[in-house]
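Notes to accompany the following structure.
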């Protein structure tokens, strides 16, 4: 056993999911907790103001706020949007930085 970084590891490194297994829950049960970091703030409509070939862009809400839009939030089969496209979306907190917001569940209007 190794006692580095304050955790007990068996062998050179703890196997993936070792903590989850040690508390008696499955990986499937633990996964939704990770996704729950996104907090839905509100539902909005707006238009795309800028779209980059890198797979993301920005939308302006009816209130005049700019919101980050990633291609993963687009409906399946859609990889990009044109400037001026009318959309509806949820505004959620960014899972990596809860102080930031992003669009989720984008739908074309």
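The mean sequence separation of alpha-carbon pairs under 8 Å and at least six residues apart, normalised by the residue count of segment 40-108, gives a relative contact order of 35 percent. The Cα center of segment 50-68 and the Cα center of segment 90-105 differ in position by 13 Å.
Laboratory data are not the source of any read-out in this text; all were calculated from the coordinates shown. None of the values given here were measured: they were computed from a predicted structure.
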